[in-house]
Every structure is written in structure tokens, then in C-alpha cells.
Amino acid sequence: MISIDGTLVSEGAGGVYGERMIGEYRVWDPYRSKLAALWYLDRSVDLAGDAVVLYLGAANGTTVSHVADYVEAVYAVEFAPRPMQDLLVVAGRRKNIVPIYGDATQPQRYAPLLEAVDLVYQDVAQPNQAAIAIRHMPFLRSGGRLILMLKTRSVDVRKCPEEVFADTCGELEAAGLRVVAAVWLLPYHADHAAIVCERV
Amino acid sequence: MYWYGAGTDLSTDPAEVAARLRAAKTDMTTYVPCDWRQAQQLGLVRDRQEYLEAVRQATICMAEEGIAAAAQEKDVELLQMVRTLDEMDTVINLLTERLVDWYISITPSFSRKYRGSGAGAARLLPMIGKKGTEPMKKVAKEILSMSAARTSLMKEVSRKAVVVIPNMSALVGGLVAARLMARAGGLAALARMPGSSMQVIGAEGALFSHIRTGTPSPKHGIVFQHRRVHNAPREVRGAVARALAAKLAIAARLDYFRGELDAAFVDAANARIDGLMGTKMRTETGVRK
């Protein structure tokens, strides 16, 4: 990851969403992007230049554009038509984004398009977030990583966030993943946790 | 089977890829991801760059088709119309309140007290339009013209709702039916909703405070705007809201899956709801006697 005086940036053409620029570099704001927030809290997070990423819950392509600046290719899955329109515009300017209009709870629908990836990044507001991640494990090469952005409030508003967090970690480990790191994204995002796993 | 095909059926043409994906039945238990080198060996692409570009063109093409299909759904425009209508209400009320405060502040003798039953800010608009200062008059005129636009939009929403969601509109009127749909996020979402959820759409604050802290559960959300709910005697209002919501859930499914008015269903549902109110009223008069 590239940082300038402690500010996380990525190298690429700017003007995707009105982001601030430092010279030729695009500032990656931790308050807008959970992946940037994770980097500020845990500097071991890295995106390799030759990595292939599967990005679930791509939304308007804000974070996707930064990820694409770092890696070789991003397969970006989004379900809702309105954000997908924005994602297509972003993908039009960045040739290493493959925008997939599909439902992350139904990976078999777009499985014929995908190759083995080094990182599965998931940021979906669904109650069964762990199950969705586990369903995408056939795409992750062994030794590859899963970064799951857990929106605890989307899982169950009645449970306290810590409980949801512990349950999710348990589910992932039961599916044969090794939890490498787990970080609450405070002060950048409330009730959100990042869980980094490795496929053994 | 992969996106570029197998056997003799090999191509990277976006339309053919789309057809292949629609037909594909991938078993995730035996699934092995694509290897771009296989596509290279098959002579479909020369290098990695070309592979990515080909898969990209295919997915972009499919996404554009998918978005176009989603925009064709008949409830999409109605949803935006209802949201626009509700936001216009907010804007008109805010501006009117502010304008009245402005007028009062430079007219010391004016008070909103004792001005008949309805001294609502909206009723003061025409007066401000006549007696206010020049800038005030201009703003008042704008608000009045926005109110006119709001009224015509409201009529348009009701008219369109009768076409898009005929059964729900027949039960609670086009406007309330359209508001329910907008809150649920579309007709597809509404058709999958149980009646008990539909009953409290629009009362999310009360519902979650009930779930979290055990305050009394809400009896009604948006359905309260329907006359048979808010005119019902207090004791049966919850029952009417519940019966109405249950019928609305059926109506939403009829609207989504069949799309045309089912007069027999509507009549039976209306009779059931009116019956609920009738029994209560009859016993009430009995008590009074």
C-alpha cells in the first residue's frame, strides 16, 4: 500500500467520485471506505500488484476504483441496478474491472465467468454474511485471503455487535478458514468489524 | 462449462456468452474456476490482456441488459413519483413555516392565536402573498405554485397506482398503496412481505424500540393513513389494521404475479374489514341503550 505522510493513497486517474488528489495520487478516505479504514488500523493489509480480487458488494465503485489501482484485476459483483449504473461508468475508465451484475447469494449464476482469485473482499449488507462468504470459497485459491466487512446491524439488530462478531468468526472457522485478524473499524465506522481470514 | 463455451460451441461474443450463462447450471460442489490459459490454448485470446477485455465486454453487455430490464419494471417510476411527492410535502411545509415566521417578525401586532379553527401556516400564505414585502411575495408565490405541482403529482400517483397495483389500490386507495410500495422498496419486495410487516411499514421507529426495549408494539404504520383505519373506533383500530394488512399482503401478491384487478377478492376483503368495524359499532350502540 502506498502512503504519503501517513495518508493512504492509490495511483491512478482521479475524478472518480470527487476524491482529493496529492499530486498524481488519489487520497483513499477511511471514513468513506472500510478497506481504507482497515489499513489505518492494521498496516499489514496489502494489495499485491499481481493479485486478482473478487469484490462482493461493489456498490457505486468507490472502493473498487482504489482496489483496481493496486491489483491486476477486480471481479466486482453488484446486485442493485442504480449503483450498478455508476459501477459501469467506473469500469469504463478502468480496464481491469470486470463488473458483474449478479446476486452474491447465488454465486453459481456467475461462476462460469470467474477465475481463481487471491482475495475475496466482501462488503454486503445481508443477515447471512458469513454464509455468503463461505459460498464463495471455491473461487479462492488455497493460501488466499478473505476480508469480510461485517455490518453487525444488518445481521441482527437485537443482538449486541460483539455477539454477532463472535458468532460470525465461529461460522468462518467451522468452514475451515483461519481467522488471521479481526478489527473493529472504530473510529471510522460504527458497529462494523473487519475479519481477515486465510484459506488453508 | 465456462463463459467462453466448450466443445464446438466456442466464442467470446457478448450475446453468445449471455445466452450460455442463462443456460448454465453450475454445480458449486464440483466447480473449478476458469483458467485463462485454457482460453488461450483454444485460440480464443492471444494473451492475458485480451482475456480480461473479452470477459469484461461480455459482463458489461449483460449488466447493461440487466439494468435496462430492471428499469422496465412498471413499479420503478411509481416509486420515484411517490418519493418525490413526499419530499415536496416536506419542502413546502418547511418553507411555509419559515415564511410565516418571517412575516410575523416584522408584523408585531400579528399572532396566530384565535384565528379560527385552522390557523395552519398554509392558510396564511395567500395573505402573505398580498400584504408581505416584495421578497416575501415572491417566495409565497413560489410555494403556491409548488403546492399546485404537488396536487397534480398526487393525482398522477393515484392514477398510476390504479394501473400498477390495482388490487392494493382498490383496498386502500392509490396514494396509500403507492406509499406502502415505496417504503418496501418496490412491488417485488412488497409481494414477499408478510401481512404483519405490512401492518407496521412506516412505524419502524416504534417497531424497533418495541423489539429492543419492549415498549408496546405499534398497531399501524402507513396503513393508518387509510380512512377505515384512522376512522375506526380506538378499540378495534388495531384489529382493523391487522385484517387490512393481511388482505393487503394478498393483494400485493395478486398485483405482482397476476397484475390485474380481482373484483371478487376485493369485494370479499372489503366486506371482511367493514364487518369488523360493523360488529364493534353495533355492540357499542347496544351498550349505550
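The values are calculated or read from the model by the stated rules, or taken from the named source; none is laboratory data. This one's a predicted model, so the numbers in the text were calculated from it and none came from an experiment. Here Cβ is always computed from backbone atoms with ideal geometry, including for glycine, and neighbour counts include all displayed protein chains. The area values use the complete protein model at the heavy-atom level, side chains included, leaving out ligands, DNA and RNA. Shrake-Rupley method; radii C 1.70, N 1.55, O 1.52, S 1.80 Å.
When A:Asp42 is tested against (1) within 21 Å of B:Gln57 (Cβ to Cβ); (2) in contact (Cβ under 8 Å) with a residue 60 or more places away in the chain; (3) surrounded by fewer than 21 Cβ atoms within 10 Å (Cβ to Cβ); (4) not β-branched (Val, Ile, Thr), just one condition goes unmet, and that condition is (1). Taking B:Leu95, is it in contact (Cβ under 8 Å) with a residue 12 or more places away in the chain, away from chain A (no Cβ under 14 Å) and under 30 Å from B:Ala140 (Cα atoms)? So B:Leu95 fits the description; yes. Before we move on, is A:Asp50 surrounded by fewer than 23 Cβ atoms within 10 Å (Cβ to Cβ), more than 10 Å from chain B (Cβ to nearest Cβ) and over 23 Å from A:Ala193 (Cβ atoms)? Taking the combined requirement at face value, the residue satisfies it.
If you go through the stretch A:91-120 and pick out every residue that is farther than 11 Å from A:Phe139 by Cβ and in contact with a strand residue (DSSP E or B) (Cβ under 7 Å, 6 or more places away or on another chain), you end up with 9. On the given criteria, is B:Ile250 out of contact with any Cys (no Cβ under 9 Å at 6 or more places or on another chain) and open to solvent by less than 30 Å² (accessible area, probe 1.4 Å)? No. Looking across A:Tyr75, A:Tyr55, one residue alone is within 11 Å of another protein chain (Cβ to nearest Cβ), of a type in the set (Ser, Thr, Tyr) and crowded, with 24+ Cβ neighbours inside 10 Å. It is A:Tyr75. Does B:Arg20 meet the test of being open to solvent by less than 70 Å² (accessible area, probe 1.4 Å), among the basic types (Lys, Arg), farther than 30 Å from B:Tyr256 by Cβ and within 14 Å of chain A (Cβ to nearest Cβ)? Against the criterion (open to solvent by less than 70 Å² (accessible area, probe 1.4 Å), among the basic types (Lys, Arg), farther than 30 Å from B:Tyr256 by Cβ and within 14 Å of chain A (Cβ to nearest Cβ)), B:Arg20 does not qualify. None of B:Arg83, B:Arg46 is assigned to a loop (DSSP other than H, G, I, E, B) and away from chain A (no Cβ under 11 Å) except B:Arg46.
A Cβ distance below 7 Å, combined with a sequence gap of six or more or placement on separate chains, defines the contacts here; from the stretch B:134-159, residues that are within 24 Å of B:Ile106 (Cβ to Cβ) reach residues that are β-branched (Val, Ile, Thr) and at pLDDT below 95 in the pairs B:Met136/B:Ile128; B:Ala140/B:Ile128; B:Ile143/B:Ile92; B:Ile143/B:Thr96; B:Met146/B:Ile92; B:Ser147/B:Ile92. Candidates in the stretch B:68-114 are the residues that are within 30 Å of A:Pro81 (Cβ to Cβ) and among the hydroxyl-bearing types (Ser, Thr, Tyr); of these, the one that is surrounded by the fewest Cβ atoms within 10 Å (Cβ to Cβ) is B:Thr90. In the set (1) outside any helix (DSSP H, G or I); (2) touching a residue at least 40 places away in the same chain (Cβ under 8 Å), the condition left unmet by B:Thr107 is number (2). Inspection of the stretch B:61-72 finds a residue satisfying the criterion of being over 30 Å from B:Leu190 (Cβ atoms) and within 13 Å of chain A (Cβ to nearest Cβ).
The number of residues in the stretch A:106-141 being within 12 Å of chain B (Cβ to nearest Cβ) and polar (S, T, N, Q) comes to 2. Taken over the stretch B:223-242, the residue count meeting the criterion of being hydrophobic (A, V, I, L, M, F, W, C) and open to solvent by 10 Å² or more (accessible area, probe 1.4 Å) is 3. Under the condition of being out of contact with any strand residue (DSSP E or B) (no Cβ under 8 Å at 6 or more places or on another chain) and part of a loop (DSSP other than H, G, I, E, B), the residues counted in the stretch B:9-43 number 12. For the stretch A:52-84, a residue qualifies if it is touching a Gly at 6+ places or on another chain (Cβ under 9 Å) and either assigned to a loop (DSSP other than H, G, I, E, B) or among the basic types (Lys, Arg) (or both), and the qualifying residues are A:Val71, A:Glu72, A:Phe79. Of the helices (runs of 4 or more DSSP H) entirely within the stretch B:150-219, those holding at least 2 residues that are touching a Leu at 6+ places or on another chain (Cβ under 7 Å) and at pLDDT 90 or above occupy B:166-172, B:174-184, B:195-200. For the stretch A:1-39, a residue qualifies if it is closer than 21 Å to A:Tyr188 by Cα, among the β-branched types (Val, Ile, Thr) and open to solvent by 40 Å² or more (accessible area, probe 1.4 Å), and the qualifying residues are A:Ile2, A:Ile4. For B:Ala39, the test of being open to solvent by less than 60 Å² (accessible area, probe 1.4 Å), within 13 Å of another protein chain (Cβ to nearest Cβ) and hydrophobic (A, V, I, L, M, F, W, C) is passed.
Counting only helices (runs of 4 or more DSSP H) that fall entirely inside the stretch A:85-200 and contain at least 2 residues that are of a type in the set (A, V, I, L, M, F, W, C), touching a residue at least 12 places away in the same chain (Cβ under 8 Å) and open to solvent by less than 30 Å² (accessible area, probe 1.4 Å), the qualifying elements are A:129-135, A:161-174. Only one entry in A:Leu172, A:Leu119, A:Leu186, A:Leu150 is within 16 Å of the chain's Cα centre (by Cα) and more than 23 Å from B:Ala63 (Cβ to Cβ), namely A:Leu150.
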